[in-house]
Amino acid sequence: MTDTALRHLEELDFEQLLRGANLRVTRPRLAVLDALHESPHADTGTVIENVRGRHTQVSHQAVYDCLSALTNAGLVRRIQPMGSVARYELRRGDNHHHAVCRQCGSIVDVACATGKAPCLHATGMENFAVDEAEVIYWGFCANCQNGSAATESTSPEPTTSTTTEEDEKGRR
């Protein structure tokens, strides 16, 4: 199958995904979904850069609005590791977790050790119905382990330097 044919199938899947969530199919929403497909764990700045690189007429605000609508509809998962800007991914509903590199800020998906939610059972929570536990593993990626960087830093740095108003709100 050609790249063009694969791209067309993905667009159709995104259209069905939007319709299934009772959202209108719009060019900005499709572009945001495509950007997240290409760059899992992307921050808002990266999504904006990707979308505007292909669709210059899509505004920054439209991307923010799309991310918000897609997250609220459950089509996109928003994660925000401590000390990092918000990140977005299409992978959701499978109870996976994340590993974050303390040096470069890279994020990778980690399968849940127990396989079903919630994967942790808190004590003293008898009056609280836990349905999900979010686990973040912190450490150093292979690239940072191989360099001297692993011994120089203990705080995460985002992989991009773009900080947005939405990201700042999420830190408060």
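The lone criterion from (1) touching a strand residue (DSSP E or B) at 6+ places or on another chain (Cβ under 6 Å); (2) without any contact (Cβ under 8 Å) to a residue 12 or more places away in the chain left unmet by residue 53 is number (1).
Just checking, which of 29, 52, 24, 19 is farther than 25 Å from residue 103 by Cβ, at pLDDT 90 or above and assigned to a loop (DSSP other than H, G, I, E, B)?
Only one candidate qualifies: 24.
For segment 136-156, the condition holds for at least one residue, the condition being that it is within 19 Å of the chain's Cα centre (by Cα), of a type in the set (A, V, I, L, M), at pLDDT 85 or above and not in a helix (DSSP H, G or I). Among the candidates 60, 97, the residue that is at negative phi, touching a residue at least 24 places away in the same chain (Cβ under 8 Å) and either surrounded by fewer than 17 Cβ atoms within 10 Å (Cβ to Cβ) or not polar (S, T, N, Q) (or both) is uniquely 97.
Looking only at residues in segment 21-57 that are aliphatic (A, V, I, L, M) and closer than 19 Å to residue 80 by Cβ, the one that is surrounded by the most Cβ atoms within 10 Å (Cβ to Cβ) is 32.
If you check 69, 42, 35, 86 for being farther than 24 Å from residue 108 by Cβ and out of contact with any Pro (no Cβ under 7 Å at 6 or more places or on another chain), only one passes: 69.
Residue count for segment 59-89 under the criterion of being hydroxyl-bearing (Ser, Thr, Tyr) and part of a loop (DSSP other than H, G, I, E, B): the result is 2. Tallying residues that are in contact with a Leu (Cβ under 9 Å, 6 or more places away or on another chain) and either among the β-branched types (Val, Ile, Thr) or over 16 Å from residue 19 (Cα atoms) (or both) within segment 68-89 yields 6.
The values are calculated or read from the model by the stated rules, or taken from the named source; none is laboratory data. Remember, it's a predicted structure, so these values are computed and weren't measured experimentally. Quick reminder, even Gly has a Cβ in these numbers, built from the backbone with ideal geometry, and neighbours come from all protein chains shown.
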